[in-house]
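**Q** Submitted below is the structure of interest, expressed as structure tokens.
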Amino acid sequence: MSWSGFKKGLSRTGTTLMQKTGQVERTIDREFTEEETKYKTYEKEVEKLQKEAKAYLDSMRAMAGSQARIADTIDKFYGSADRTSEGAMAANAYKRSVDELDSSINKELDAPYRTCVLDP
């Protein structure tokens, strides 16, 4: 603490002590109190929203990863027998669509989340 801050605190000690003992009324700024309450409410809501957005993004990443593993398994199962069979072609098409979904999730969710939430 600087010397001037110490002197200011020392000069206010008498008033603060009288306010706490009830000898002097404490001044209350109602507008400030209302705005402070609003600010604290908004702050809590924004933190909650940020946590929910992070949880949603993590869920979407997990879902895309699971779908990719399922698509790989199906492709290996049907692709090992005969590449020209209908099942193999369907498995290959499913794998391509899952890969496209994964890339679109990365483009449409990751980048905006990073720019808006993590690094505003």
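The values are calculated or read from the model by the stated rules, or taken from the named source; none is laboratory data. Note that the structure is predicted; figures quoted are calculated from it, not measured. Note that we place each Cβ from the backbone using ideal geometry, even for glycine, and neighbour counts take in every protein chain shown.
**Q** Taking the condition assigned to a helix (DSSP H, G or I), surrounded by 10 or more Cβ atoms within 10 Å (Cβ to Cβ), touching a Gly at 6+ places or on another chain (Cβ under 7 Å) and among the aliphatic types (A, V, I, L, M), does Ala88 pass?
**A** yes
**Q** Of everything in the range 7-57 that's within 30 Å of Cys116 (Cα to Cα) and of a type in the set (A, V, I, L, M), which residue is nearest to the chain's Cα centre (by Cα)? Walk me through how you get there before you give the answer.
**A** First, pick out the residues of the range 7-57 that are within 30 Å of Cys116 (Cα to Cα): 32-57.
So of that shortlist, the ones also of a type in the set (A, V, I, L, M) come out as 46, 49, 53, 55, 57.
Details: Val46: 9, Leu49: 6, Ala53: 4, Ala55: 7, Leu57: 8 Å.
Checking each candidate, the answer is Ala53.
**Q** Follow-up question, since we're still on this one. Just checking, which of Glu52, Glu34, Glu25, Glu47 is part of a loop (DSSP other than H, G, I, E, B) and exposed (fewer than 11 other Cβ atoms within 10 Å of the Cβ)?
**A** Values: Glu52 fails: part of a loop (DSSP other than H, G, I, E, B); Glu34 fails: part of a loop (DSSP other than H, G, I, E, B); Glu47 fails: part of a loop (DSSP other than H, G, I, E, B).
Answer to the check: Glu25.
Results for (1) farther than 30 Å from Glu45 by Cα; (2) modelled with pLDDT of 80 or more; (3) among the aromatic types (Phe, Trp, Tyr), shown as yes or no for each residue.
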{"residue": "Ala62", "(1), (2), (3)": "no, yes, no"}
{"residue": "Gln67", "(1), (2), (3)": "yes, yes, no"}
{"residue": "Ile74", "(1), (2), (3)": "yes, yes, no"}
{"residue": "Gly79", "(1), (2), (3)": "yes, no, no"}
{"residue": "Asn92", "(1), (2), (3)": "yes, yes, no"}
{"residue": "Glu108", "(1), (2), (3)": "no, yes, no"}
{"residue": "Tyr113", "(1), (2), (3)": "no, no, yes"}
{"residue": "Val117", "(1), (2), (3)": "no, no, no"}
{"residue": "Pro120", "(1), (2), (3)": "no, no, no"}
